[in-house]
1. To the nearest 0.05, what FRET efficiency results for Val156 and Ser74 with a Förster distance of 45 Å applied to their C-beta separation?
2. Sorting check: for 88-96, 157-165, which peptide has the highest mean count of neighbouring beta carbons within 10 Å, and how do the rest follow?
3. With a/c under 1.5 counting as rounded, go ahead and sort segment 22-152 into rounded, prolate or oblate using the C-alpha gyration tensor (a ≥ b ≥ c being the square roots of the eigenvalues; past the cut-off, prolate if a/b is larger than b/c, else oblate).
4. Which listed residue (Pro194, Leu166, Pro141) has the Cα farthest towards the positive end of the charge dipole for segment 114-212, taking +1 on Lys and Arg C-beta and -1 on Asp and Glu C-beta about the Cα centre?
5. In percent, what relative contact order does segment 43-136 have, based on Cα pairs under 8 Å that are 6 or more apart in sequence?
6. Just from its helices, what would the mean residue ellipticity at 222 nm be for the chain, if runs of 4 or more DSSP H residues each count -39500 (n - 2.57) and the sum is divided by every residue, rounded to the nearest 500 deg cm²/dmol?
7. Taking a ≥ b ≥ c as the square roots of the eigenvalues of the Cα gyration tensor of segment 103-216, is the shape rounded (a/c under 1.5), prolate (a/b larger than b/c) or oblate?
8. Residue by residue through segment 88-93, what is 3J(HN,Hα) from phi via Karplus (6.51 cos²θ - 1.76 cosθ + 1.60, θ = phi - 60°)? Round to whole Hz and write x for glycine and proline.
Amino acid sequence: MKGLQGSCLPPGTRTVLDAAQAAVVTDRTELRRLAPFMRGECTVSQAAAALGLGLTPTFKLVQRYLRLGLLSESRREARAGRALRHYRAPGAFYVPFHVRPFEQMGEANRGAGLRAFEHNLERAMHTRTWAGWGSLSCFTPAGDVYYEFVSESGEVWEPLAQGAPLILAGWNRVTLSVDEARTLQRQLVALLRPYLNRPGTGEPYQVGIFLTPDRP
């Protein structure tokens with residue numbers, strides 16, 4: 001979702017023309033690791049605290065980002081023993097699509113997101129007992145094939161029941177006119193937007209919304 005306001009790039013934006021750099025700054029996981037240095041001057045220990053990582057893995061990240069040219073040493077603070085090094089990265093990066101095509105960027109991020117989702121889904125679903133349950137593959141009233149979770153006696157699992165895992169999963173194939181598809185797209189965006197880019201407390205949840213024409 002949009003984070004940019006106005007019609008110009010943020011001040012200090014670096015244009016990235018190197019493919020290796022572009023692969024990092026268009027990767028959500030890598031970008032979160034680089035974020036402490038994008039927010040301002042930062043030491044390895046400060047970045048480690050912000051990222052929840054140990055000093056050794058954070059130091060290795062810093063060395064890699066320095067080799068890639070995404071970080072630079074901003075100053076050294078004199079102290080007894082070894083000087084304390086501070087690092088900084090540009091606050092924003094612009095990558096032209098001829099350097100990193102949007103399909104490559106999207107595929108990499110969706111792939112990582114889906115792997116994380118499958119891991120989190122498995123953990124959430126195993127919070128309940130599934131003895132005597134399985135999947136039933138059959139037809140919808142509209143004639144499409146699908147499956148759902150049922151017990152041996154035919155009881156259908158209700159994912160919205162009180163106490164059910166807080167998950168939503170599944171691909172749905174629907175038939176829509178172009179106008180209906182546009183309306184659905186806008187409704188999905190409007191549904192999610194109030195929860196984005198806001199400070200708050202609580203647990204993090206992974207939310208993915210996908211919509212595309214389904215053509216062979």
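The values are calculated or read from the model by the stated rules, or taken from the named source; none is laboratory data. Bear in mind the structure is a predicted one, so any value in this text is a computation, not a measurement. Backbone-built Cβ (ideal geometry, glycine too); neighbour counts: all protein chains shown. When the accessible area is computed, the model is the full protein with side chains, heavy atoms only, and any ligands, DNA or RNA have been set aside. Shrake-Rupley method; radii C 1.70, N 1.55, O 1.52, S 1.80 Å.
1. It comes to 0.15.
2. 88-96, 157-165
3. Here segment 22-152 falls in the oblate category.
4. About the Cα centre, the residue reaching furthest to the positive side is Pro194.
5. It rounds to 17 percent for segment 43-136.
6. -12000 deg cm²/dmol
7. oblate
8. 8, 10, x, x, 7, 10
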